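Visitor: Got a structure here, written out as structure tokens. Questions coming.
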């Protein structure tokens with residue numbers, strides 16, 4: 001298990017459903033991803049605070065995660081291992097890092113994909 005996290009704790013924050021993931025690349029449950037260097041992308045429905053929290057079977061991270069200018073797409077450069085299956089959790093448990101600019105949390109969600 002690996003953890004990719006950058007967060008500040010805010011015990012008063014509430015989970016509110018309007019912060020959502022619009023798109024994941026590779027897509028959730030995708031099979032036969034090509035092995036090798038690529039990027040993971042998480043597209044949100046709104047601008048996000050710069051904090052992140054990803055827990056689970058993370059591929060090898062090749063560099064720092066970066067946000068686009070609108071801060072609604074997070075890109076993580078990774079190396080996908082042949083025949084690997086990755087299962088990631090965003091905002092797992094009480095360590096919630098993904099939040100909108102206004103502090104509203106992304107509800108915990110899972111993301112899995114496999115490599116040929």
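Here, each number is a calculation from the coordinates, and none is a lab measurement. Just so you know, these numbers come straight off a predicted model, no measurement behind them.
Visitor: Quick one: grab the alpha carbon gyration tensor of region 69-116, order the square roots of its eigenvalues as a ≥ b ≥ c, and give me rounded if a/c is under 1.5, else prolate or oblate depending on whether a/b is larger than b/c.
Guide: Oblate is the answer for region 69-116, as a/c is 1.5 or above yet b/c matches or exceeds a/b.
Visitor: Moving on. Taking a ≥ b ≥ c as the square roots of the Cα gyration tensor eigenvalues, with a/c under 1.5 meaning rounded and otherwise prolate when a/b beats b/c, else oblate, which class fits region 55-95?
Guide: Values: a/c = 2.58, a/b = 1.23, b/c = 2.10.
It comes out oblate by the Cα gyration axes.
Visitor: Something else: Taking a ≥ b ≥ c as the square roots of the Cα gyration tensor eigenvalues, with a/c under 1.5 meaning rounded and otherwise prolate when a/b beats b/c, else oblate, which class fits region 34-107? Walk me through the numbers before you get to the answer.
Guide: Details: a/c = 2.68, a/b = 1.57, b/c = 1.71.
Oblate is the answer for region 34-107, as a/c is 1.5 or above yet b/c matches or exceeds a/b.
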